[in-house]
Amino acid sequence: MGQKISITNSNNTQDSRFLSFLKRFSPQKPSLDKNMSPRTGMFAKLTAPSANKPNDFTRLISNSISFASTRTKEYLLFKDPEGKFQPSLQTLTQVFLMNYITQSVNLDLTDTFNCTAMTPEQRILLGADWVWAILKKPTKNPKIQIAVQVLHLPEREEAEERATAGKPISESIQMAQMESRNKNMYERIVDFCTSIGKDCYALFLFFGKRDDKVNIYGVLSNNFEAAVGKCDKIDRALIENFFKGSRYFHTPFGMMQTIFTKKTEEALTLMIKFS
Amino acid sequence: MTALLSSPQSCLHPLRRQFERIMAATQDVKGKGEGGDQNFDYMFKLLIIGNSSVGKTSFLFRYADDAFTSAFVSTVGIDFKVKTVYKNDKRIKLQIWDTAGQERYRTITTAYYRGAMGFILMYDITNEESFGAVQDWSTQIKTYSWDNAQVVLAGNKCDMEEERVVSVDSGRLLAEQLGFEFFETSAKDNINVKQTFERLVDLICDKMSESLDTDPAVTTGAPTAKLTDSAPPLQQPGCNC
């Protein structure tokens, strides 16, 4: 499950102390996860194990997530040699979602682990790009949720901001922005998850990070609200700080397994490498 | 509307203060972009509430987009759509909030009750439990909203007559007891959808004019035309199917 990687050392012990109160790692040791290479293409369906056991089910979900991550990774560093064609950041999010949804439909997962893409207004109001949910039977009410917010490399976000500056915004988007003006996007997703409870996780999904621009990483927690009061606000710097000094990056399988086996009210924070 | 908002805050009727707050918010929105119709006389914030799977989202989609799909997708948290209606030459912008019915979202949905001027409280005529929950939803409105909010009770899915478990009379009686207007509706067959919204808008306009008439502080800045000058006739509350 856990993938040991070279540690990004932080010399800033203050950071470590600061983050220690937020981190509540799962007591279980990351298990070995040798079969985590995602099955891709048409073989994904052919080689998928039948989901009779919870572990099989967990693996199907994580395989779908890994598959989407691997496919999205292929486009992270795309650059038009002529510099004319510039896909929007939203396109990368859509690539991920298209691949994930296709895979989960093929594997017949949607009745038990569904994925709801947010509307443009919801993305602003709730701060989430999509929400994964493990559904209870027979009500299909969510049992556990993971609200996902995609973060792109700062330079790409800045470039997009420049490109879209001055362009018309729809009325409903303006209204959503008005409604949410008092909080930043990081705070909004944390607020959303906190309002639901410990069974709702916020996952900040980094499409590339500063020291590794070609891979997808994540910080998942149901305890980000602990930061409120300890610091001024929840922002990108705070979330990126979680990567500093991290010994382990969980795999998607490890992430799902840890979530499934965690006690209900327990706080949990994980760092994940998705690709 | 400009005249309406000219008096000092201290003299304002609560209803008018409510409008002013909302209008102040919409003034901020104005002029920031060119994507939508920025010109309107009033803006009403409406909420659709009720148990999960009674058809709130379908109802809103039918009204705002004239679309319907039978696929059920549970709403996550909250969402909204905007629709402009016309009443006596006044443009009224409706900001219609679609709320998730599941209990786990209650904290986030009730946060949006504040400032709402009207509610559509919906149940499913084929689901007794959703009807039984109407009283609780009504209490939620009283708890989290303001006293003058108008409410219409809607018994949705009236196209499914064979599966009906809540009679029209039961719905009407409960609405009377709670002091709400009542319609049976079908988002699928487009029955009483527009009428429900129109009635809610009428009720809000009535309340607004009533407040203007009874509050001397308000009449000094009364608009030249009342929104209720030629109110449309009441719609048939029962389902036509």
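The values are calculated or read from the model by the stated rules, or taken from the named source; none is laboratory data. No experiment lies behind these values; they were computed from the predicted model shown. Glycine also receives a Cβ, built like all others from the backbone with ideal geometry; neighbour counts cover every protein chain displayed. To get the accessible areas, we keep the full protein, side chains included, count just its heavy atoms, and leave off ligands, DNA and RNA. Shrake-Rupley method; radii C 1.70, N 1.55, O 1.52, S 1.80 Å.
Worth a mention:
- Top-ranked residue in region B:92-119 [being among the basic types (K, R) and either closer than 18 Å to A:A133 by Cα or at pLDDT 95 or above (or both); ranked as farthest from the chain's Cα centre (by Cα)]: B:R104
- Test: residue in region B:49-72 that is at pLDDT below 95, away from every other protein chain (no Cβ under 14 Å), in contact with a helix residue (DSSP H, G or I) (Cβ under 7 Å, 6 or more places away or on another chain) and assigned to a strand (DSSP E or B): no
- Scope region A:161-175; condition outside any helix (DSSP H, G or I) and within 10 Å of chain B (Cβ to nearest Cβ); matching residues: A:G166, A:K167, A:P168, A:I169, A:S170
- Within region A:228-250, the residues that satisfy the criterion of being assigned to a helix (DSSP H, G or I) and farther than 17 Å from A:N215 by Cβ are A:R236, A:A237, A:L238, A:N241.
Here's the yes/no breakdown for (1) in contact with a helix residue (DSSP H, G or I) (Cβ under 8 Å, 6 or more places away or on another chain); (2) within 14 Å of chain A (Cβ to nearest Cβ); (3) surrounded by fewer than 23 Cβ atoms within 10 Å (Cβ to Cβ):
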| residue | (1), (2), (3) |
| --- | --- |
| B:T110 | yes, yes, yes |
| B:M117 | yes, no, no |
| B:Y123 | yes, no, no |
| B:T126 | yes, no, yes |
| B:G132 | no, no, yes |
| B:Q135 | yes, no, yes |
| B:V152 | yes, no, no |
| B:E161 | no, no, yes |
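- Members of region B:73-91 that are acidic (D, E) and at the interface with chain A (Cβ under 10 Å from one of its Cβ atoms): B:D79
- Condition check for A:K273: more than 28 Å from B:I78 (Cβ to Cβ) and basic (K, R): yes
- Scanning region A:223-266 for residues that are aliphatic (A, V, I, L, M) and open to solvent by less than 20 Å² (accessible area, probe 1.4 Å) turns up A:A227, A:I234, A:L238, A:I239, A:M255, A:M256, A:I259.
- Unique match (being surrounded by 15 or more Cβ atoms within 10 Å (Cβ to Cβ), over 18 Å from the mean Cα position of the chain (by Cα) and at pLDDT 85 or above) among A:L107, A:L60: A:L107
- Entry remark, region B:92-108: residues being within 13 Å of chain A (Cβ to nearest Cβ) and more than 18 Å from A:E121 (Cβ to Cβ) number 6 in total.
- Any hit, region A:198-213, residues being modelled with pLDDT under 95, surrounded by fewer than 22 Cβ atoms within 10 Å (Cβ to Cβ) and more than 17 Å from the chain's Cα centre (by Cα): yes
- If you filter region A:176-194 down to residues that are farther than 23 Å from B:K81 by Cα and either open to solvent by 10 Å² or more (accessible area, probe 1.4 Å) or at pLDDT below 95 (or both), you find that the one that is nearest to the other protein chains (Cβ to nearest Cβ) is A:T194.
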